[in-house]
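To start, the structure under review is shown below, and the notes come after it.
The values are calculated or read from the model by the stated rules, or taken from the named source; none is laboratory data. Not measured: the values here are computed from a predicted model. Cβ placement follows ideal geometry from the backbone for every residue including glycine, while neighbour counts extend to all protein chains displayed.
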């Protein structure tokens, strides 16, 4: 028998079928946004002339004539994650977890509004070596859309792990550990202009996005990861 969602705090909707449907909708909006982001990243990365997925980061898809597609994808993901945060917060009765997930969503939205500078050979007309200075938009993109967003997501993993059970608790903790390691590795690879920077970042995205999707499906549909009270 399917367990009922826990709806309390955070301005949660009224208990009952309608409240559950609203919560499930918010969570599934985040799941859909995450799947869309991954699809755009992979498809656009494969189709863009001059773009090398193994080397270039996902953010660099915001540049060029079709950059608006990736910018829109970032903003969609950000807004979707804010909805996801609200739904998870209602379901698990966690203000801290919801705030951290929403901070992650905010960071991705900011990353879509402020694209990076063309510094690593994409678009093809861009410089292949770092310039003496970068714009403030570039700095905001890489600080808010990078460390701030992903450290918030790490915090969300650690917070939600305490409200999950069994294999879900272990999976969430392992996701946080792997995510932290890959965040650091991605930052170091980017600073060193490593040939596999794009590949490492895609590993980071896959680890976190898979957790977001699977947890969202469970919270909204399966209800096996935690016990409502």
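Odds and ends about this structure:
- Some residue of the stretch 98-105 being in a loop (DSSP other than H, G, I, E, B) and without any contact (Cβ under 8 Å) to a residue 60 or more places away in the chain: no
- Test for residue 135: is it without any contact (Cβ under 8 Å) to a residue 40 or more places away in the chain, within 20 Å of residue 58 (Cβ to Cβ) and in contact with a helix residue (DSSP H, G or I) (Cβ under 8 Å, 6 or more places away or on another chain): no
- Residue identified as under 16 Å from residue 115 (Cα atoms), at pLDDT 95 or above and surrounded by fewer than 18 Cβ atoms within 10 Å (Cβ to Cβ) among 39, 72: 72
- Flag if residue 219 is in a helix (DSSP H, G or I) and at pLDDT 95 or above: no
- When the stretch 23-36 is limited to residues that are free of Cβ contacts under 8 Å to residues at least 60 places away in the same chain and surrounded by fewer than 23 Cβ atoms within 10 Å (Cβ to Cβ), the one that is farthest from residue 118 (Cα to Cα) turns out to be 29.
- Against the list (1) under 19 Å from the mean Cα position of the chain (by Cα); (2) closer than 22 Å to residue 179 by Cα; (3) modelled with pLDDT of 95 or more, the condition residue 142 fails is (3).
- Close contacts from the stretch 162-181, counting a first residue that is in contact (Cβ under 8 Å) with a residue 60 or more places away in the chain and a second that is surrounded by 13 or more Cβ atoms within 10 Å (Cβ to Cβ) and assigned to a loop (DSSP other than H, G, I, E, B), with Cβ to Cβ under 7 Å and a gap of 6+ residues or different chains, come to 163/94; 163/226; 164/225; 164/226; 165/225; 165/226.
To keep it simple, each residue is scored yes or no on (1) surrounded by 14 or more Cβ atoms within 10 Å (Cβ to Cβ); (2) within 18 Å of residue 206 (Cα to Cα).
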position: 135; (1), (2): no, no
position: 144; (1), (2): yes, no
position: 155; (1), (2): yes, yes
position: 162; (1), (2): no, no
position: 168; (1), (2): yes, yes
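- Residue-level check: of (1) touching a helix residue (DSSP H, G or I) at 6+ places or on another chain (Cβ under 6 Å); (2) closer than 22 Å to residue 72 by Cα; (3) in a loop (DSSP other than H, G, I, E, B), residue 164 misses just (2).
- For the stretch 189-211, the set of residues classified as within 20 Å of residue 61 (Cβ to Cβ) and touching a helix residue (DSSP H, G or I) at 6+ places or on another chain (Cβ under 6 Å) consists of 189, 190, 197, 200, 201, 203, 204, 207, 208, 209, listed by residue number.
- Where residue 60 falls short, out of the listed (1) crowded, with 19+ Cβ neighbours inside 10 Å; (2) at pLDDT 95 or above; (3) in contact with a helix residue (DSSP H, G or I) (Cβ under 8 Å, 6 or more places away or on another chain); (4) part of a helix (DSSP H, G or I): (3)
Each row is one residue, and each column tells you yes or no for (1) modelled with pLDDT under 55; (2) in a helix (DSSP H, G or I); (3) on the phi > 0 side of the Ramachandran plot; (4) in contact with a helix residue (DSSP H, G or I) (Cβ under 6 Å, 6 or more places away or on another chain).
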position: 7; (1), (2), (3), (4): yes, no, no, yes
position: 13; (1), (2), (3), (4): yes, no, no, yes
position: 19; (1), (2), (3), (4): no, yes, no, no
position: 26; (1), (2), (3), (4): no, yes, no, yes
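- So residue 154, is it in contact with a helix residue (DSSP H, G or I) (Cβ under 9 Å, 6 or more places away or on another chain) and not in a loop (DSSP other than H, G, I, E, B): yes
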